[in-house]
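Only the coordinates and a few stated rules stand behind these numbers; no lab work does. Fair warning: this is a prediction, and the values are worked out from it, not measured in the lab. Cβ placement follows ideal geometry from the backbone for every residue including glycine, while neighbour counts extend to all protein chains displayed.
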Amino acid sequence: MADQTTQFIVGDVAVDALTTKRKRRYFRSKNPISPLSHCENCETPLAGEYCSQCGQHAIDYRRSIMRLAVDAADSLLNWDTKFLHTVVVLLLRPWRLTNDFNAGRRVRYVHPLRLYLVASILFFLLGNLLNFTGFRDNRNIELSTEDRAEIDRAFATLAAPDSPLPPEQRARVEAARQRWTAPVETRTEAENAIFDKAALRLLKLTNKDDFKTQKELKTKDLVRLETALSLIEQANQKERAPADPNAPPTAPSDAPAPPEGAPPAAPPSGSPAAKSGPTIQLGGPDGGGADTPFEKWMETRIKEKIGEDGTKVELFLSTLRDHIPTMMLCCVPLFAFVLKLLYVRQRRYYVEHLVYALHIHTFAYVAIVVITLMGMGAQRWVPTLQPLIVFALSLVGVALIFLSIRRVYRQGWFMTTFKFALGGMIYATVISLALTATAFITLIT
């Protein structure tokens, strides 16, 4: 009797479940999710969660937002882990990347070309940010009232009796200060730009923590000071260049006239013509100018790109700097060819040399970035040890490059040292020729 009662209860529950209308759950599809039978990318029959032909995940992302987020996070974390592992091995044992890649153990590392491109972008981006000049004023600037007040204090600090400058330099600073405090309307726009750049260099000099404690300036600080004062003094000379119309005429010279056909004599050292900037002119030592059609064409292109008196040289150098990354990428295969010639008896494939060339250039870029950042940190926290730290890190970088060549090509110390020096000289020549070609292309385009 109990069994019959149980059967009746189960039957009633089943009937209720079949006849009761189910409530719809919002944010869910009415249609059940069916597994994919073929890859949506290449139509290959599926035998698991991933396609055996193209490797695509067999998931319908339109039906699962959570699955899309999980796969995106998984791809990002896996790539970051691989990238960080590759960078650590690159900095500590750069030869291991090349040996493992050539031995077929490639899945654990980032591809050499992708790694090179990432390192190249970071390297040249840092170079553009720092401008590799030590000055932040190599661009057009607009000084605020606060900036000008700080510059006034910088002039006063440099011209003060307790400054580390000698008396003659303090006098030059005082003269530059008089020109700086003059009304802006008395100078042209170009002269104001020169004064602003020079003043910013002086401001950077006095903003150092140890400036007032120094008994004498360091060499790089002296160069910065001399550059700033020279800019201001050159601007003053340009202001005095026009001759006074009321000045009495100069006495005629008793020197004989030059013979016909002789080059004109140089102007006196004190004349305005002698103080003007050098003009660009191609030709032989006789000063006759460009003779051949190629020289005339080159002179025209140089004057167009750089300016008659070098007024556009900064723009030309900026354009040239933008072409350097492409030049270096083209030099990597050339470096691999140099390695192919140096180790021709090992009968290695060219691709093996190319992989090592990509890795060693990547190591150089990353090492320079690390050394630069650590040098900047040392300059801020321990300025007295900054040159020693940079020198030690640079020495370690060169030693790792040397060890990588020995570990990859497996030769003795003598042959490795010889080929390291010979290959370095050859590649330095290649870089010089490539830089010359890049400058020429920048000039003619």
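Pick out, in residue order, every one of the trypsin sites (Lys or Arg not before Pro) in the range 316-349 that is DSSP loop and has at most 12 other C-beta atoms within 10 Å; say none if there are none.
On the way: sites: R321, K340, R345, R347, R348; in loops: R347, R348.
Passing sites in the range 316-349 are R347.
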Beyond 30 Å (Cα-Cα) in this structure, taken from K204/K312; K208/K305; K197/K303; K197/K296, we find K208/K305; K197/K296
Highest mean packing first, using Cβ neighbours within 10 angstrom, the peptides 294-303, 191-200 sort as 191-200, 294-303
Nearest-0.05 FRET efficiency for A156 and E43 at R0 = 60 Å, using Cβ-Cβ distance, is 0.15
